[in-house]
Amino acid sequence: MYLHLGSGAVVRRADIIGIFDLDNTSQSHITRKFLAAAEKSGQVINVAEDIPKSFVICNDNGTTRVYLSQMATQTLFKR
């Protein structure tokens, strides 16, 4: 099964590590450090056409990818 993240981006459900609300989790300095490090290393993929509301962490063949999505976490969970 696959999960559509928006803007034509699709990931395998088996590769998903977690789906997180960007507003709630970015209040933590640990999460901000993680996202900054992921962006610096080129692991962040922005699939949001507008302001991102969530981020999805995936493990694709040993490579960690962080997808920024404009969809809310509840919307992604329902899919």
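The values are calculated or read from the model by the stated rules, or taken from the named source; none is laboratory data. These numbers were taken from a predicted model, which means no experiment stands behind them. The area values use the complete protein model at the heavy-atom level, side chains included, leaving out ligands, DNA and RNA. Shrake-Rupley method; radii C 1.70, N 1.55, O 1.52, S 1.80 Å.
At a glance:
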item	result
Shape box of the chain [Cα atoms, principal axes, largest first, Å]	32, 27, 20
Difference of contour (0.36 nm per residue) and Cα-Cα distance, GLU49 to TYR2	14.9 nm
Karplus-derived HN-Hα couplings along the range 17-32 (A = 6.51, B = -1.76, C = 1.60, θ = phi - 60°), whole Hz, x at Gly and Pro	8, x, 10, 10, 6, 5, 5, 6, 7, 6, 6, 7, 5, 5, 5, 4
Extension gain, ILE30 back to ASP15 (0.36 nm per residue minus Cα-Cα distance, nm)	3.1 nm
Percent carbon-and-sulfur accessible area, the chain, ignoring ligands, DNA and RNA, probe 1.4 Å	50 percent
Rounded accessible area per residue of the chain, 1.4 Å, Å²	65 Å²
